[in-house]
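Sharing a structure with you now.
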Amino acid sequence: MAATAVLLPDAGPFITLAYADALDLLFKPGWPIVLVDMVLHELTRSPTPTSEKLARWVADNKLSIRTTRTFQHHQQTLLATPAAARTANLGELAIQETMNDFALNQPQKTGVFLFEDHKIARASFLVPDNCRKISTRAFLLFLEQQGWLASAAEIERRAILAGRNFSRLRFPPE
């Protein structure tokens, strides 16, 4: 997964790393970060303890925002019938759409789907051959094993102390 890997974070890892003041850890592997538009919307649509910080960080780092049909459909539904607009799991659907595009149109790229939601680990989520699924905790451990982070546990501790209800999920299971 060298230079052709692309990091596709879901909302959960962004939020956890924002609580820990550790968003820049996403850059440690040297992979481009692709933020899907629906995930950006999830992160910034409502005022939360991290929404402003995340919006600023995305803008300051000029992250690539991937346009998806999922987000376009969501926006159209909001305009037409706001009460009927679905919000659950749309970020994951947009990431799935992006991974499917990688599989069909960019097979040389490896999409690394970074997630935190325990439902994703257990769901029948299609991960194409050129994509990988990794939890926030496993990502932090990877950074620690590579020598790019002194302590994965310290990042978890900082996020929890700042108020993040960090997933207890261990993926892959120990």
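Here, each number is a calculation from the coordinates, and none is a lab measurement. This structure is a prediction, so every number in the text was calculated from the model and none was measured. Ideal geometry is used to build each Cβ from the backbone, glycine not excepted, and the neighbour counts take in all protein chains shown.
Name the residues whose placed amide hydrogens come within less than 5 Å of the amide hydrogen of PHE113, ignoring near sequence neighbours (fewer than 5 apart) on the same chain.
LEU8, ARG132, LYS133, ILE134
Let me ask another. Suppose every K and R has +1 on its Cβ and every D and E has -1 on its Cβ; what is the size of the dipole of the chain about the Cα centre, in Debye to the nearest 20?
Charge dipole, the chain, about its Cα centre: 160 debye, nearest 20.
Through the Karplus equation 6.51 cos²θ - 1.76 cosθ + 1.60, θ set to phi - 60°, convert the phi angles of the stretch 47-59 into ³J(HN,Hα) values in whole Hz; use x for Gly and Pro.
Each residue of the stretch 47-59 in turn: x, 9, x, 10, 4, 5, 4, 5, 4, 5, 4, 4, 5 Hz.
Right, next: In which sequence would LEU140, LEU126, LEU25 go, from the one with the fewest C-beta neighbours within 10 Å to the one with the most?
Starting with the residue having the fewest Cβ neighbours, the order is LEU126, LEU25, LEU140.
Now, a different point. Would you mind getting me the FRET efficiency between ALA80 and GLU154? Use the beta-carbon distance for r and R0 = 45 Å, nearest 0.05.
So the FRET efficiency works out to roughly 0.45.
Skipping prolines and chain starts, which residues have an amide H placed within reach, meaning under 5 Å, of the one on ARG66, given they are 5 or more residues away or on another chain?
Under 5 Å from the amide H of ARG66: LEU35, VAL36, ASP37.
Total Lys pairs in the chain closer than 18 Å by alpha-carbon, pairs eight or more apart in sequence or interchain only?
Lysine pairs meeting both conditions in the chain amount to 5.
Full-extension gain between ASP24 and HIS73, please, as 0.36 nm times their residue separation minus the C-alpha to C-alpha distance.
14.5 nm
Using the alpha carbon gyration tensor of the chain, what are the three equivalent-ellipsoid semi-axes (square root of 5 times each eigenvalue), largest first, in whole Å?
24, 20, 15
Now a separate question. In the chain, which longest range has no trypsin sites (Lys or Arg not before Pro) that are both DSSP loop (not H, G, I, E or B) and surrounded by at most 15 other Cβ atoms within 10 Å?
87-167
Near the amide H of ALA5, under 5 Å away, which other amide H atoms are found, from residues 5 or more places off or on another chain, if H is placed in the peptide plane?
Excluding prolines and chain starts, which carry no amide H, the hits are THR110.
Could you go through the stretch 88-105 in sequence order and give the Karplus-derived ³J(HN,Hα) for each residue, using 6.51 cos²θ - 1.76 cosθ + 1.60 with θ = phi - 60°, rounded to whole Hz, and x for Gly and Pro?
Each residue's phi maps through the Karplus curve to give 5, 6, 6, x, 5, 4, 5, 5, 4, 4, 5, 5, 4, 5, 4, 4, 7, 10 Hz.
I need to check one value: relative contact order of the chain, counting alpha carbon pairs closer than 8 Å and at least 6 residues apart, in percent.
29 percent
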